[in-house]
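I have placed the structure first, in the form of structure tokens, so that the comments after it can refer back to it.
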Amino acid sequence: MTKPKKGRVSGKWPALLLIIAVCLLLNILGAKLNGALSLPLFLDNVGTVLSALLGGYIPCITVAFLSNVINGLSDDVSIYYCVISVLIAGAAVALAHQMRHLRIHYILLAILSFAAIGGAVGGVLTWLINGMSFGEGAAVDFAASINSVVPMGYFPSNILSAFLIDIVDKTIVTAVALGLYKLLPKRLPDYLREMDWYYISLVTKHEKSGVKRISLRVKVTLVVAVSTTLVAASAIAISILQYRNATIEKYSRQAQDAGREIAGHLDPDRVEDYAKKGEGAEGYAAMKELMQTVSNASPQIEYIYVYRIEKDGTHVIFDLDTEKVTADLPGSVIPYDTTIEKYADELIAGKDIPVDITDNQFGWILSAYSPVRDANGNTLCYVGVDMSMDDLRSEVLAFLAKIISLFIGVLVVIRTYAVWMAELHIIKPVKAISDAAERFTYDTQEARESSMEMIRSLDIHTGDELENLYDAYSKTTADTVRYIDEVQQKSAQITRLQNGLILVLADMVESRDQCTGDHVRKTAAYCEIILRQMQKEGIYADLLTEDFINEVVSSAPLHDVGKIKIPDAILNKPGKLTDVEFRVMQGHTSAGGEIINKAIATVGEESEYLNEARNLAAYHHEKWNGKGYPTGLSAEEIPLSARVMAVADVFDALVSRRSYKEPFSVEKALDIIREGAGTHFDPLVVQAFLDAEDEVRRVQKLNMEI
């Protein structure tokens, strides 16, 4: 698994097991104390609330579930209330943070939540488990008292009674749990909160967008929840079907056994006499008493009778009075009931018929007919036994409530541990790799080395595909970093070679002009001073990127490359140029642009570096007011690099010695630049140049010394 973050403790099973054991003991002792004092409470959630305060979901859900399992060893009904316990555990963890700080309204909310789950929901569960009855006890007596004061009916009064009693129970439980928590050394809860099994959040916030998204943890939870719920639903459905079928089979067997018992004691030779004389027939009363005894033997037996089925109807031989129905008299003929009508032909023929279940005016009835035959195998009549199936509904409902409660409790425990294991072995490793990838920086060699060290420190060892992914990611990243280092080294070499070639080319041009001296280097230095000052002051901030500055400074030496096409006689003329000679000299800008355009065409792809070199060569003699050359561009029509070079070029020309003039003082040159702002030069470029006067003087002085 992933290497824990600083301050995070991983895999501390002893601490987890100790919390579970201690809190489990508190729950059991609370229940025992409540039983010993015969209180109408429970007191079996102290450990659950305390484990929520100490350790979050893992210990809390475990304690809640195991408490019911252990109590179920002595009271099997207790196991069916595990869903109530785990729901209380979930509410306790959700409110634990606020409860730890003793925020009264949250403590009251917790007590009411616990009481609603334990009292109201638990009361409904009790009603279902008991077959739609609340049974007996103090809570039922209290409900009767409530109902006598405020008539609200049996069910609402019992739910209210359970809720009110549970408020008292959960108030005591919460107070004791908070008291125990506050008695513990402060560093113990702080230590436990650093465990890898501590509270697990379900929704994560994306660090970049700030938008809450469905996290991998939620997806894992949904997969576990859906899959286990489907399995549980299938198991519950199968269990209910099996239970129902088993109960029907049991009822069928009882009805058939009862019918055979009576048929075995019914004398075939007296059937005709019983049908004609009824109560007056010899042995009739004894036979009727036997039927009554058999009927009383099972509470599910609703009716027992002896019928002879003929085409004109059902001929009554024996019938018993019940609370619902008065018995038909012997010898009377009554219409076919539902079952007899369904199997009339078989019954008239004296055949055996299967057990039948009907839902009619007499209720939900299972009917079994046992034939009474003479010595020759002729069917004389049938003993009918009707079993009431009404109790089966409440029994199935109670069984459903029990099994659903048990399954939900188990599912919550499975989900909690499944998410925890997914957190340790899937979510954390994936998130660690994702975070490392997001924080990885390639800007500098130091940043790359630091990022690689961060990846190595993850130390993911899951022993599966995630570890393979981590190893592959680490190797790929290391290879990428190594490749970037190599590329940057090559790029630096190429840049140095490029700059060297530019300076060589510039020197070749400069060597033809005996007046310029070290002009190309100085103008490049002044350009960099101006650009950095503008960047510092936020002038043209949208254009002055680091790449732009580097490209302008590197290509600045090429601004006079066009002079290579100017004849030496004009280029090095010691005196003033004629108008014709000056126009020829002006052509060095267009010539420079053409030379670099040819270079761009030779490269065959877009190059910002060459684009700026072209701008510098072609437009550095354009003026802000549009009176420059070669094209008469004005203001911001002139590329920014050329506007910067215009200031640098003129200033260096002013302060440098030429064959036709002496150098101006720096002060005089600065005044001329200042006066040219808004006419010859971009005012903002002039402002930055003047603001960097100290740096300008340093470069100018350094070059004078050289």
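The values are calculated or read from the model by the stated rules, or taken from the named source; none is laboratory data. Since the structure is predicted, the reported quantities are computational estimates derived from the model, not experimental observations. Methodologically, a virtual Cβ is constructed for each residue, glycine included, from the backbone with ideal geometry; neighbour enumeration extends over all protein chains shown. Side chains are part of the model used for accessible areas, which takes the heavy atoms of the whole protein and leaves out ligands, DNA and RNA. Shrake-Rupley method; radii C 1.70, N 1.55, O 1.52, S 1.80 Å.
Annotations
- Applying the condition of being open to solvent by 40 Å² or more (accessible area, probe 1.4 Å) and of a type outside the set (A, V, I, L, M, F, W, C) to region 355-373 and asking which residue is modelled with the highest pLDDT yields ARG373.
- Matching residues, region 17-38, being assigned to a helix (DSSP H, G or I) and free of Cβ contacts under 8 Å to residues at least 24 places away in the same chain: LEU17, LEU18, ALA21, LEU25, LEU29, LYS32, LEU33, ASN34, GLY35, ALA36, LEU37
- Subset of region 337-354 [crowded, with 17+ Cβ neighbours inside 10 Å and farther than 23 Å from ASN378 by Cβ]: ASP337
- Among the conditions (1) part of a loop (DSSP other than H, G, I, E, B); (2) in contact (Cβ under 8 Å) with a residue 24 or more places away in the chain; (3) more than 52 Å from the chain's Cα centre (by Cα), GLY377 misses just one, which is (2).
- Of all positions in region 536-543, at least one carries a residue that is modelled with pLDDT of 85 or more and assigned to a helix (DSSP H, G or I).
- Search result, residues across region 88-136 that are closer than 29 Å to LEU188 by Cα, hydrophobic (A, V, I, L, M, F, W, C), open to solvent by 40 Å² or more (accessible area, probe 1.4 Å) and part of a helix (DSSP H, G or I): ALA94, ILE104, LEU108, LEU109, LEU112
- All positions within region 97-124 that are closer than 30 Å to SER394 by Cβ and aromatic (Phe, Trp, Tyr): PHE114
- Out of ASP166, ASP190, one residue alone is over 23 Å from LEU16 (Cβ atoms), modelled with pLDDT of 65 or more and more than 17 Å from the chain's Cα centre (by Cα). It is ASP166.
- Test result for ILE117, at pLDDT 90 or above and either under 30 Å from MET421 (Cα atoms) or more than 33 Å from the chain's Cα centre (by Cα) (or both): yes
- LEU290 being in contact (Cβ under 8 Å) with a residue 12 or more places away in the chain and in a loop (DSSP other than H, G, I, E, B): no
- Some residue of region 293-312 being part of a helix (DSSP H, G or I), more than 17 Å from TYR369 (Cβ to Cβ), open to solvent by 30 Å² or more (accessible area, probe 1.4 Å) and without any contact (Cβ under 8 Å) to a residue 12 or more places away in the chain: yes
- Of all residues in region 144-158, those that are within 18 Å of TRP127 (Cβ to Cβ) have Cβ atoms under 8 Å from Cβ atoms of residues that are of a type in the set (Ser, Thr, Tyr) and open to solvent by 60 Å² or more (accessible area, probe 1.4 Å), 6 or more apart or on another chain, in ASN147/TYR154.
- Complete set of residues in region 464-493 that are surrounded by 12 or more Cβ atoms within 10 Å (Cβ to Cβ), aromatic (Phe, Trp, Tyr) and either within 17 Å of SER450 (Cα to Cα) or more than 32 Å from the chain's Cα centre (by Cα) (or both): TYR473
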